[in-house]
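Here's the structure we're looking at; comments come further down.
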Amino acid sequence: MDSDESYDHPEPVDFAAAKLTIEHVLPQSAGDDWLQVLAEDATDGETPQDVHARLQHTLGNLTLTAQNSELSNHPFDRKQDLLHSSHLEMNRRIAATDRWGAREIGARADELAGRALALWPSPLRGVGRAERSRDWQLVHQVLAALPHGTWTSYGDLAAYIGSGA
């Protein structure tokens with residue numbers, strides 16, 4: 001069972017057929033409308049840009065949708081209109097929110113984390129301590145050898161150590 005199925009909606013989504021992608025409700029490139037909302041949430045000398053950087057990739061700000069291009073960087077009220085008609089309960093809950101800022105993103109993260117813990121409790125009964133199946137020292141050595149200011153992809157790193165991406 002996945003997170004959205006845990007809402008027990010009478011019309012479940014066919015996740016195998018759906019072409020869902022990850023959507024940042026607070027967009028990765030925040031326009032003036034978004035920065036005004038974030039200015040209200042700034043604390044201790046934070047700028048709206050600081051609040052944006054702190055929140056944009058957090059669990060509470062991410063959702064699944066097949067309408068990623070339509071949602072784009074639009075202001076929240078436009079995203080609400082699109083998310084309101086979503087077949088995913090978690091998106092309709094976002095659409096029912098009056099604003100989308102730090103408090104709302106934090107509350108949603110707490111709610112999603114609580115659902116995840118309820119759906120996938122750990123540790124499993126009868127299972128002893130999980131042993132690591134891979135020596136991660138090689139990963140640390142490769143990453144340490146990369147010159148400052150360069151990068152590699154996760155897939156390349158996984159292939160190098162003989163793991164799947």
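Scoring 150-159, 51-60 by mean Cβ neighbours within 10 Å over their residues and listing the highest first yields 51-60, 150-159. Full extension of the chain between A17 and I161 gives 48.6 nm of extra length, using 0.36 nm per residue less the Cα-Cα distance.
Put I105, I161, I22 in order of accessible area, highest first, and with a 1.4 Å probe you get I22, I161, I105. The phi-based Karplus calculation (6.51 cos²θ - 1.76 cosθ + 1.60; θ = phi - 60°) puts the 3J(HN,Hα) values of region 23-29 at 10, 8, 4, 6, x, 5, 10 Hz, whole numbers, x for Gly and Pro. For region 22-72, the set of GluC sites (Glu not before Pro) satisfying both a DSSP loop assignment and a count of at most 16 other C-beta atoms within 10 Å is given as E46. Put a dot 7 Å past the Cα of Q28, heading toward its Cβ, do the same for L59, and the two dots end up 2.2 nm apart.
The values are calculated or read from the model by the stated rules, or taken from the named source; none is laboratory data. Bear in mind that the values here come from a model prediction, so they are computed numbers and not experimental data. As a convention, Cβ positions derive from the backbone with ideal geometry for all residues, glycine included, and neighbour counts pool all protein chains shown. Protein only, heavy atoms only, side chains kept; ligands, DNA and RNA dropped before computing areas. Shrake-Rupley method; radii C 1.70, N 1.55, O 1.52, S 1.80 Å.
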